[in-house]
Amino acid sequence: MKTTGLLVTGTIAALALSSCGGGDPLADGDDAEAEQGEALVIGSQQYYSNTIIAELYAQALEAEGIEVEREFDIGQREVYVSEIESGAIDIFPEYAGNFLQYYDEEAEAATLEEITAALEETLPEGLRVLEPAEATDQDSFVVTAEFAEENDLTEISDLAGIEDLRIAANSEFETRPYGPEGLQDVYGVEISVVTVQDSGGPLTVDALVSGDVEVADIYSADPNIETENLVVLEDPEELVLPQNVLPVVSERVDEAAAAVLDEVNAALTSEELISLNTQSVDEQADASDVAADWLSEQGLD
Amino acid sequence: MSNILEALNWLLTADAWTGPGGLWVRSLEHLAYTLIALGISAVIALPLGLAIGHTRKGRGIAIVATGAARALPTLGLLTLVALVTGIGLTAPMVALVVLAAPSVLAGAYAGVESVNQATVDAARAQGMNGWQVLTRVEIPLGLPLILSGLRLAALQIIATATLAAYVGAGGLGRQLFLGLQTYDYSVMLGASLVVILLAILVDTAFGLTQRLLRRVPGLAGPGKAPSTGTRSRRVRANMTAN
């Protein structure tokens, strides 16, 4: 029993210490000026495309002489958002719709303007989003060209009435607003989920192409859509909210830094994002190399 | 602590258990996967292990091969196989058999080897041929260790069968991954508790079977067959060390 007690005390002490180190609550609030010299911390999701965007931001800032620190490949939204809120991360590339739904699952906003307006209201104090890029990377309902032709499919509602539909998606798809329930409510499509846990990666694409499933949830900026000749079904009711890339930033990001990020975002179109992803997937190029090449192409380095 | 309470709470709701994706269905799927994988492992590894134990040949190769198989990361193997076979049950079955067969194999050859050489020689002196020695002497006397191998394999499979959900199959991994991906820890922990419960149930069933078999005359059990006692203990110690 005694050792257990010691262990518990030790763990609590360690937790207390670590939480002090990360947030540094005393230094943050009042003294923004004094921190000008400190590096801005840039985070990214554990998703290669997101890491490339984060790397774009990082190198563009560095080119302007702003010091940055990289905290890449952090699990999923639920984990890193608390890091952003605590001030441990200053810049994070986000996706408009998903980010809003994280804060407000019932959000009514449907267009990008409505989403950014809603975000400004719901974001906790100290956080803001900058100008969104034209590039989007969103969950999309994808079928093979043959299946689309056979069943005359152009938009999601065309799937209604087809029997025994299966969709390959991550397990969390079941609980997302655009999951089976949303599909049923908005488009009258009945579909069962086959969980393939690689976030639209090679296993998911393989399952779709080989006919194990009829539909797959694949990110719209995935290079496989073009190389495998897949068809993205249109979503006129905007079941999946627009997922334009937009940076979430803390108060420590000043106007000069924000201007740099705006410049990167202005150049980031959907085509550019797909080509960045292609370089990473097809050529196995490193995120930092991909980012460096692109920035010099765009004259942003 | 509160997570565990929430998990227990979740397990006590009827919704968690019923329906086509509920815990009952998933538990049955999980058990079915376990039995299939254990069956395939036994079909492959038992005859091999018995042959190695009986002939005393190939033990070195078996140890190297099973050691290598055990070192393979199951998730990596699963993904690799799934890229070839597509999603579904094939890939997880291959991965689970690769995981479990070494234990079955080791149990089988250790069981046969644990039988006292004097007993085997006596059987031969009575005029038994090789097959008779194996089926009437070596297997019955080595049964406790052979069963231990199967028992160990079953536990490894139950714990790892959660990965089936990674490539489109069912089982309790579905709830586990869902909980993990949506940070719904009560679901994740709850599903883990059910996996643990299944493991305990299966282990207990094996334990009872082993006990019952000990009462059957002619089958060896610790303490009941003094002639094989020291050797089988030593071999068992070797198995654990492996």
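The values are calculated or read from the model by the stated rules, or taken from the named source; none is laboratory data. All values reported here derive from a predicted model rather than from experimental measurement. All Cβ positions, even for glycine, are placed from backbone atoms using ideal geometry, and neighbour counts span all protein chains on display.
Pairing residues of the range A:194-207 that are more than 7 Å from chain B (Cβ to nearest Cβ) and modelled with pLDDT under 90 with residues that are part of a helix (DSSP H, G or I) and surrounded by fewer than 23 Cβ atoms within 10 Å (Cβ to Cβ), at Cβ distances under 9 Å and at least 6 apart in sequence or on separate chains, gives A:Asp198/B:Thr79. Scanning the range A:76-115 for residues that are within 20 Å of A:Leu239 (Cα to Cα), touching a strand residue (DSSP E or B) at 6+ places or on another chain (Cβ under 6 Å) and within 14 Å of chain B (Cβ to nearest Cβ) returns no hits. Could you look through the range A:144-168, keep only residues that are out of contact with any helix residue (DSSP H, G or I) (no Cβ under 9 Å at 6 or more places or on another chain) and more than 24 Å from A:Thr227 (Cβ to Cβ), and pick out the one that is farthest from the other protein chains (Cβ to nearest Cβ)? That would be A:Gly161. Considering only residues of the range B:175-186 that are over 12 Å from A:Phe173 (Cβ atoms) and either of a type outside the set (D, E, K, R) or in contact (Cβ under 8 Å) with a residue 60 or more places away in the chain (or both), which is nearest to the other protein chains (Cβ to nearest Cβ)? Filtering first and then ranking leaves B:Tyr183.
Looking for whichever is outside the structural domain of A:Val81 (by TED's automatic domain parsing), within 20 Å of B:Phe177 (Cα to Cα) and surrounded by fewer than 22 Cβ atoms within 10 Å (Cβ to Cβ) here; the options are A:Thr175, A:Thr144, A:Thr227, A:Thr154. Which one fits?
Details: A:Thr144 fails: within 20 Å of B:Phe177 (Cα to Cα); A:Thr227 fails: within 20 Å of B:Phe177 (Cα to Cα); A:Thr154 fails: within 20 Å of B:Phe177 (Cα to Cα).
Among A:Thr175, A:Thr144, A:Thr227, A:Thr154, only A:Thr175 is outside the structural domain of A:Val81 (by TED's automatic domain parsing), within 20 Å of B:Phe177 (Cα to Cα) and surrounded by fewer than 22 Cβ atoms within 10 Å (Cβ to Cβ).
Determine whether the range B:98-119 contains at least one residue that is of a type in the set (Asp, Glu), over 18 Å from the mean Cα position of the chain (by Cα) and loosely packed, with under 14 Cβ neighbours inside 10 Å. No, the range B:98-119 contains no residue that is of a type in the set (Asp, Glu), over 18 Å from the mean Cα position of the chain (by Cα) and loosely packed, with under 14 Cβ neighbours inside 10 Å.
Restricting attention to the range A:145-163, the residues that are outside any loop (DSSP other than H, G, I, E, B), farther than 14 Å from A:Gln184 by Cα and not hydrophobic (A, V, I, L, M, F, W, C) add up to 4.
Residues in the range B:163-172: is at least one part of a helix (DSSP H, G or I), out of contact with any helix residue (DSSP H, G or I) (no Cβ under 6 Å at 6 or more places or on another chain) and either crowded, with 22+ Cβ neighbours inside 10 Å or at negative phi (or both)? Yes - at least one qualifying residue is present in the range B:163-172.
With respect to the stated conditions, B:Ala122 fails to be buried (at least 22 other Cβ atoms within 10 Å of the Cβ), free of Cβ contacts under 8 Å to residues at least 24 places away in the same chain and over 17 Å from the mean Cα position of the chain (by Cα). Check the range A:76-95 and report whether any residue there is over 22 Å from A:Val260 (Cα atoms), among the β-branched types (Val, Ile, Thr) and at pLDDT 85 or above. Yes, because at least one residue in the range A:76-95 is over 22 Å from A:Val260 (Cα atoms), among the β-branched types (Val, Ile, Thr) and at pLDDT 85 or above.
Here's the yes/no breakdown for (1) outside any loop (DSSP other than H, G, I, E, B); (2) assigned by TED's automatic domain parsing to the domain that holds A:Val205; (3) of a type outside the set (Asp, Glu); (4) exposed (fewer than 15 other Cβ atoms within 10 Å of the Cβ):
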position: A:Ala221; (1), (2), (3), (4): no, yes, yes, no
position: A:Glu237; (1), (2), (3), (4): no, no, no, yes
position: A:Glu251; (1), (2), (3), (4): no, no, no, no
position: A:Ala258; (1), (2), (3), (4): yes, no, yes, no
position: A:Ala266; (1), (2), (3), (4): yes, no, yes, yes
position: A:Leu273; (1), (2), (3), (4): yes, no, yes, no
position: A:Val281; (1), (2), (3), (4): yes, no, yes, no
position: A:Ala285; (1), (2), (3), (4): no, no, yes, no
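Under the condition of being without any contact (Cβ under 8 Å) to a residue 12 or more places away in the chain and of a type in the set (Gly, Ala, Ser), which residue from the range A:55-90 is farthest from B:Leu180 (Cα to Cα)? If we take residues in the range A:55-90 being without any contact (Cβ under 8 Å) to a residue 12 or more places away in the chain and of a type in the set (Gly, Ala, Ser), then A:Gly65 is farthest from B:Leu180 (Cα to Cα). Within the range A:169-180, residues that are at the interface with chain B (Cβ under 9 Å from one of its Cβ atoms) and touching a residue at least 24 places away in the same chain (Cβ under 8 Å) reach partners that are assigned to a helix (DSSP H, G or I) and of a type in the set (A, V, I, L, M, F, W, C) with beta carbons closer than 7 Å, at six or more positions or on different chains, in the pairs A:Ser171/B:Ala165; A:Ser171/B:Phe177; A:Ser171/B:Leu178.
Annotation: B:Lys57 fulfils all but one of (1) basic (Lys, Arg); (2) exposed (fewer than 14 other Cβ atoms within 10 Å of the Cβ); (3) under 24 Å from B:Ala37 (Cα atoms); the unmet one is (3). Of the residues making up the range A:208-227, those that are within 14 Å of chain B (Cβ to nearest Cβ) and of a type outside the set (Gly, Ala, Ser) are A:Leu208, A:Val209, A:Asp212, A:Val213, A:Glu214, A:Val215, A:Asp217, A:Asn224.
Please go through the range B:66-102 and pick out each residue that is more than 13 Å from chain A (Cβ to nearest Cβ) and in a loop (DSSP other than H, G, I, E, B). If the condition is that a residue be more than 13 Å from chain A (Cβ to nearest Cβ) and in a loop (DSSP other than H, G, I, E, B), then B:Leu72, B:Pro73 are the ones that fit. Among the conditions (1) closer than 24 Å to A:Ala292 by Cα; (2) surrounded by 14 or more Cβ atoms within 10 Å (Cβ to Cβ), the only one that A:Gly65 does not satisfy is (2). Residues in the range A:178-196 that are assigned to a loop (DSSP other than H, G, I, E, B) and either buried (at least 21 other Cβ atoms within 10 Å of the Cβ) or at negative phi (or both): A:Tyr178, A:Gly179, A:Val189, A:Glu190, A:Ile191. For the range A:104-123, a residue qualifies if it is in contact with a helix residue (DSSP H, G or I) (Cβ under 9 Å, 6 or more places away or on another chain), more than 30 Å from A:Val231 (Cβ to Cβ), at pLDDT 90 or above and surrounded by fewer than 21 Cβ atoms within 10 Å (Cβ to Cβ), and the qualifying residues are A:Ala118, A:Thr122, A:Leu123. Scanning the range B:77-96 for any residue that is exposed (fewer than 15 other Cβ atoms within 10 Å of the Cβ) and in contact (Cβ under 8 Å) with a residue 40 or more places away in the chain turns up nothing.
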